[in-house]
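S.K.: The structure that follows is given in the form of structure tokens.
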Amino acid sequence: MGLLSQGSPLSWEETQRHADHVRRHGILQFLHIYHAVKDRHKDVLKWGDEVEYMLVSFDHENKRVQLILSGEEILETLQEQGERTNPNHPTLWRPEYGSYMIEGTPGQPYGGTMSEFNTVEDNMRKRRKEATSLLEGHQALCTITSFPSSSICCRLGCPGFTLPEFKPNPVEGGASKSLFFPDEAINKHPRFSTLTRNIRHRRGEKVVINVPIFKDKNTPSPFIETFPEDDEAVKASKPDHIYMDAMGFGMGNCCLQVTFQACSIAEARYLYDQLATICPIVMALSAASPFYRGHVSDIDCRWGVISASVDDRTREERGLEPLKKNKYRISKSRYDSIDSYLSECGEKYNDIDLTIDKEIYEQLLREGLDHLLAQHVAHLFIRDPLTLFEEKIHLDDANESDHFENIQSTNWQTMRFKPPPPNSDIGWRVEFRPMEVQLTDFENSAYVVFVVLLTRVILSYKLDFLIPLSKVDENMKVAQKRDAVLQEMFYFRKDICKGGNAVVDGCGKAQSSTEPATEEYTLMSINTIINGKEGVFPGLIPILNSYLENMEVDVDTRCSILNYLKLIKKRASGELMTVARWMREFIANHPDYKQDSVITDEMNYSLIFKCNQIANELCECPELLGPAFRKVKYSGSKTESSN
Amino acid sequence: MVGHFTQGICGYYALFKETAPSVGSQPSRGGSSRGSRSHQRVLPGSPPRRPRPPSGPSAGRAPAARGGQPRELGFPASGPASCRAASFPAGPAPSAAAMGTDSRAAGALLARARTLHLQTGNLLNWGRLRKKCPSTHSEELRDCIQKTLNEWSSQISPDLVREFPDVLECTVSHAVEKINPDEREEMKVSAKLFIVGSNSSSSTRNAVDMACSVLGVAQLDSVIIASPPIEDGVNLSLEHLQPYWEELENLVQSKKIVAIGTSDLDKTQLEQLYQWAQVKPNSNQVNLASCCVMPPDLTAFAKQFDIQLLTHNDPKELLSEASFQEALQESIPGIQAHEWVPLWLLRYSVIVKSRGIIKSKGYILQAKRRGS
């Protein structure tokens, strides 16, 4: 979730008064960093994953599962026993939005050698084991993207989905003011509740999330829920949609992220752009969140839900009212896909209207930034700071970057371009953020390794995936649909060896000579993009394989990578299910399911229980993971974790 | 599954431009892209790259007009194709004529030379030179040999023709790329040596010397020797390896190579070599197909003696004498291809160590004219 400072958070009114101050100094802080390290180069590859976890408690007798609101205490213990005791501890733990969540990362970043790909899964296992060891027998650590049953029967006054149970208390002074999501489920660090409240206050109303309901045989049509005690909900909720009204429904979901260190700012910008086109594809491949607030939805990915859950734009900014108090119309939530490419060869594909702070843009140009980087930063800085701590208003701009990070880290986009922290030996980095978290360490490793390998291939072969950014946005919308991985088509570049950036001889020349300029992109299925199709597209996995054949890879690592790519390949072809698909089938086949799109507490219990068994390898799930995906090597730890 | 992993390096070059029009222009072939792919496998002949008229429908149909050439009938639509077209008047005239001139000069040179050094340069610099997408290493290699010959023969200077050198240096000049000495430390330069013919012991040294000179380095970081070809039914034994290994040991001692390794040895073979060798193997490659089902004795032995077990995806015979000669014949028609015998083939790769990036990859090959 980014920056975490202790202290006294300011209210929205106070924060707003300091907004220009934060922006002004944020830019100065960025400039200090930029000037100091813009020529940094020859940084090695370092990378790391971030996995978010939910803490759940099973009540086997009553067949219920609830989210445990003790993430803060568990985190404290994990940090105390881990990084604070031993700086070389193999895991790091961080707080997350939900009080029932924690985030785990490897203790040290991974390096650039191939054998490191073989340590990812081990490390994820260590994390799972370490955190699980602090739980009681009936509790578990789950990597599920969206908890299906958030407030299933929480129509005010019903027992909740949390442990301990809390009634939502929708009052103005609270954080969410939600009918469903109690403030107690938000992490107790003041940053998170302040963020929640300030988003709501800035917006001028509660956030509105409407997810289309999956229309099953017995689902009422139109599907309408009533909220007699809440006018705001009555107005905001849409027929045939699952209505949600709190940041927790979005930011309370779990994700899987990867960050890479590039060798230079130019490489970081190149990778940022290239990977941006991959985001919708990998998101659809990782689809894992079909259920919301106790209902079966018609989407498979969390993205739009989180986007709406932190949408702090006012009615004016959203274009519903003429601009009076606000400066800009803003087309997207703070949590959304990127709005501009950063590399030179991306410039001609920047076809989205970019709202920027013109003064900041001019200032950055005067300071020597190029147009593309200047507009990127000037676009991030159209946003207001959402939280501010009284003690952290006046900073040393040359040696701190909190104000820059304040804006940067609350622009939650598909990709994040990360300047080095001040005075550190860290280089320019890029974060890949669209993935949904998977049930098992094996799957999470597979997705992470796939993405990191893809960056190596892009750099080795100087590939070019760029298409107009508006098409990437269309892909993002399509990618969230139910079963998009098999049912939908995605815009993708036909000839990936032709970019302006590619120094490959002959690249780019061919076009003028032989063929009239046709569209550089076309609609492809994910299967074609991932596995290739003769005469259409070579496929990302065949390219990865040809790369791997040129690298020295030891047999163990190669076997792991083989299994990881097999998973991705089969998920793309439909031979294996996505987590979302698998969850849908699990519910559809549940004896209690009445084909009415409703997930009861007991169904939720069976589902999460099964997920936990799969995650801990207590049962197989060939339709999700493939037959006998587990390799011999881990048989040792397998026995341990099953005890 | 394994078949899937046999994709050669140029899997990443989209064929779209070349193949798309062709599919439309050849409906009689059933139109399925799968179909054209299998044809492509049957006929490895590759179109020369030199500028040519666009391969429109007429070009696509050209092979049929030639008649009596069933193999060419099956040629995928990427162009009118093999250099043989030169001898057929029905072939597309301008490019065929150009090829004729090129290959005549090349033919004349090859008729007089004794040794042929062929090097592809950095295949990552080939760009559009690579149109086809071979699915195996053997196909990739053959494609590389032909393209290199075509490139070279299209750029033969009149001076060279007057000289008639003994040793022909056949390269894709624009793809040649030496390692910047300032960056040498960041790179790992590895090579795998494939002995092709019956051989003089100098092959190993020649190959390593040439690799060093092509890449502009004093030393290779690692050289792996593929198991030398042996008669069918005979098991590879230490004696087969010894002459090459001794040569490699000398090269290690003279600091031309840092570490040497083997390929496809089982535990017994590896153990024999290990016990006999002065410079011990530091790695042994195993086929990709077995990386998840490793024989425990080999794994245990390698672990005990600190031998790295690496993976490869090369066929048993990467380049045969016959396929080399076919490649030669197709690229430079009219020469006595059967006189030319490949001695060795070396594949190198240059990796940026700390970043996992391939900087360069290529093949070097030496062939001799029989009886010369």
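The values are calculated or read from the model by the stated rules, or taken from the named source; none is laboratory data. Since this is a predicted model, take the numbers as computed values, not measurements. All Cβ positions, even for glycine, are placed from backbone atoms using ideal geometry, and neighbour counts span all protein chains on display.
S.K.: For the stretch B:138-147, check the following and say yes or no: at least one residue is modelled with pLDDT of 90 or more and touching a Lys or Arg at 6+ places or on another chain (Cβ under 6 Å).
M.R.: There is no residue in the stretch B:138-147 that is modelled with pLDDT of 90 or more and touching a Lys or Arg at 6+ places or on another chain (Cβ under 6 Å).
S.K.: Can you tell me which residue is surrounded by the most Cβ atoms within 10 Å (Cβ to Cβ) among those in the stretch A:479-499 that are in contact (Cβ under 8 Å) with a residue 40 or more places away in the chain, out of contact with any helix residue (DSSP H, G or I) (no Cβ under 6 Å at 6 or more places or on another chain) and outside any loop (DSSP other than H, G, I, E, B)?
M.R.: A:Arg493
S.K.: Is it the case that B:Trp245 is surrounded by fewer than 18 Cβ atoms within 10 Å (Cβ to Cβ) and not charged (D, E, K, R)?
M.R.: Against the criterion (surrounded by fewer than 18 Cβ atoms within 10 Å (Cβ to Cβ) and not charged (D, E, K, R)), B:Trp245 does not qualify.
S.K.: Which of the residues that make up the stretch A:455-477 are assigned to a helix (DSSP H, G or I), more than 11 Å from A:Tyr270 (Cα to Cα) and of a type outside the set (Asp, Glu)?
M.R.: A:Arg456, A:Val457, A:Ser460, A:Tyr461, A:Leu469, A:Ser470, A:Lys471, A:Val472, A:Asn475, A:Met476, A:Lys477
S.K.: Regarding B:Thr120, is this residue more than 23 Å from A:Lys533 (Cβ to Cβ), touching a Cys at 6+ places or on another chain (Cβ under 7 Å), at pLDDT 85 or above and not hydrophobic (A, V, I, L, M, F, W, C)?
M.R.: The answer is yes for B:Thr120.
S.K.: Next up: Condition (residue is away from every other protein chain (no Cβ under 14 Å) and surrounded by 18 or more Cβ atoms within 10 Å (Cβ to Cβ)) applied to the stretch B:296-316: is it met by at least one residue?
M.R.: No: zero hits.
S.K.: Let me ask something additional. Across the stretch A:481-496, what is the number of residues that are more than 18 Å from A:Val211 (Cβ to Cβ) and of a type in the set (Lys, Arg)?
M.R.: 2
S.K.: Given the condition within 14 Å of chain B (Cβ to nearest Cβ), surrounded by 22 or more Cβ atoms within 10 Å (Cβ to Cβ) and more than 26 Å from A:Met54 (Cα to Cα), answer yes or no: does some residue in the stretch A:435-453 qualify?
M.R.: Yes, some residue in the stretch A:435-453 is within 14 Å of chain B (Cβ to nearest Cβ), surrounded by 22 or more Cβ atoms within 10 Å (Cβ to Cβ) and more than 26 Å from A:Met54 (Cα to Cα).
S.K.: Oh, and also: Residues in the stretch A:401-408: is at least one hydrophobic (A, V, I, L, M, F, W, C) and over 29 Å from A:Leu567 (Cβ atoms)?
M.R.: Yes - at least one qualifying residue is present in the stretch A:401-408.
S.K.: Could I ask something else about it? Does any residue of the stretch A:405-427 turn out to be within 14 Å of another protein chain (Cβ to nearest Cβ) and within 24 Å of A:Tyr547 (Cα to Cα)?
M.R.: No: the stretch A:405-427 contains no residue that is within 14 Å of another protein chain (Cβ to nearest Cβ) and within 24 Å of A:Tyr547 (Cα to Cα).
One line per residue, one yes/no per condition, for (1) surrounded by fewer than 19 Cβ atoms within 10 Å (Cβ to Cβ); (2) more than 14 Å from chain B (Cβ to nearest Cβ); (3) closer than 23 Å to A:Pro164 by Cβ; (4) among the charged types (D, E, K, R):
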site: A:Glu76; (1), (2), (3), (4): yes, yes, yes, yes
site: A:Thr85; (1), (2), (3), (4): yes, yes, no, no
site: A:Pro90; (1), (2), (3), (4): yes, yes, no, no
site: A:Tyr97; (1), (2), (3), (4): no, yes, yes, no
site: A:Pro109; (1), (2), (3), (4): yes, no, no, no
site: A:Asn118; (1), (2), (3), (4): no, no, no, no
site: A:Met124; (1), (2), (3), (4): no, yes, no, no
site: A:Ser133; (1), (2), (3), (4): yes, yes, yes, no
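S.K.: May I pose another question? Which of the residues spanning the stretch B:347-372 are within 14 Å of chain A (Cβ to nearest Cβ), of a type outside the set (Gly, Ala, Ser) and in a strand (DSSP E or B)?
M.R.: Across the stretch B:347-372, the qualifying residues are B:Arg347, B:Tyr348, B:Val350, B:Ile351, B:Val352, B:Ile357, B:Ile358, B:Lys359, B:Lys361, B:Tyr363.
S.K.: Moving to a separate point now. Restricting the stretch B:278-292 to residues that are part of a loop (DSSP other than H, G, I, E, B) and not aliphatic (A, V, I, L, M), which is farthest from the chain's Cα centre (by Cα)?
M.R.: Filtering the stretch B:278-292 for residues that are part of a loop (DSSP other than H, G, I, E, B) and not aliphatic (A, V, I, L, M), the one farthest from the chain's Cα centre (by Cα) comes out as B:Gln278.
S.K.: Can you find a residue that is buried (at least 22 other Cβ atoms within 10 Å of the Cβ) and within 21 Å of A:Lys570 (Cβ to Cβ) anywhere in the stretch A:459-475?
M.R.: no
S.K.: Now, a different point. What residue, among those in the stretch A:496-522 that are modelled with pLDDT of 50 or more and farther than 11 Å from A:Ile467 by Cβ, is farthest from the other protein chains (Cβ to nearest Cβ)?
M.R.: Top of the filtered list is A:Ala517.
S.K.: Could you check the stretch A:564-585 and list, in sequence order, the residues that are assigned to a helix (DSSP H, G or I) and within 15 Å of A:Ile541 (Cβ to Cβ)?
M.R.: Within the stretch A:564-585, A:Tyr564, A:Leu565, A:Lys566, A:Leu567, A:Ile568, A:Lys569, A:Lys570, A:Arg571, A:Ala572, A:Ser573 qualify.
S.K.: Please enumerate the residues belonging to the stretch A:320-370 that are assigned to a helix (DSSP H, G or I) and either surrounded by 14 or more Cβ atoms within 10 Å (Cβ to Cβ) or among the hydroxyl-bearing types (Ser, Thr, Tyr) (or both).
M.R.: A:Glu344, A:Cys345, A:Gly346, A:Glu347, A:Tyr349, A:Ile360, A:Tyr361, A:Gln363, A:Leu364, A:Leu365
S.K.: Go through the stretch A:186-263 and tell me which strands (runs of 3 or more DSSP E), entirely inside it, have 1 or more residues that are of a type in the set (A, V, I, L, M, F, W, C) and either out of contact with any Ser or Thr (no Cβ under 9 Å at 6 or more places or on another chain) or under 30 Å from A:Gly112 (Cα atoms) (or both).
M.R.: In the stretch A:186-263, the matching strands (runs of 3 or more DSSP E) lie at A:255-261.
Rundown of residues vs (1) crowded, with 19+ Cβ neighbours inside 10 Å; (2) over 30 Å from A:Leu562 (Cα atoms); (3) in contact with a Pro (Cβ under 7 Å, 6 or more places away or on another chain); (4) not aliphatic (A, V, I, L, M), yes/no style:
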| residue | (1), (2), (3), (4) |
| --- | --- |
| B:Ile225 | yes, no, no, no |
| B:Val234 | no, yes, no, no |
| B:Pro281 | yes, no, no, yes |
| B:Asn287 | no, no, no, yes |
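Yes/no per residue for (1) within 8 Å of another protein chain (Cβ to nearest Cβ); (2) in contact with a Cys (Cβ under 6 Å, 6 or more places away or on another chain); (3) part of a helix (DSSP H, G or I); (4) modelled with pLDDT under 95:
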site: A:Met524; (1), (2), (3), (4): no, no, no, no
site: A:Thr528; (1), (2), (3), (4): no, no, yes, no
site: A:Gly535; (1), (2), (3), (4): yes, no, no, yes
site: A:Ile543; (1), (2), (3), (4): yes, no, yes, yes
site: A:Ser546; (1), (2), (3), (4): yes, no, yes, yes
site: A:Glu549; (1), (2), (3), (4): yes, no, yes, yes
site: A:Cys559; (1), (2), (3), (4): yes, yes, yes, no
site: A:Leu562; (1), (2), (3), (4): yes, no, yes, no
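S.K.: Would a scan of the stretch B:219-240 turn up a residue that is more than 14 Å from chain A (Cβ to nearest Cβ), part of a helix (DSSP H, G or I), farther than 24 Å from B:Ala367 by Cα and modelled with pLDDT under 95?
M.R.: yes
S.K.: Further, regarding this structure: Can you name every residue in the stretch A:570-608 that is modelled with pLDDT of 95 or more, of a type in the set (D, E, K, R), over 19 Å from A:Phe214 (Cβ atoms) and surrounded by fewer than 22 Cβ atoms within 10 Å (Cβ to Cβ)?
M.R.: A:Lys570, A:Glu575
S.K.: Quick one: would you say B:Ile179 is part of a loop (DSSP other than H, G, I, E, B), at pLDDT 95 or above, surrounded by fewer than 21 Cβ atoms within 10 Å (Cβ to Cβ) and in contact with a Leu (Cβ under 9 Å, 6 or more places away or on another chain)?
M.R.: Yes: the conditions hold for B:Ile179.
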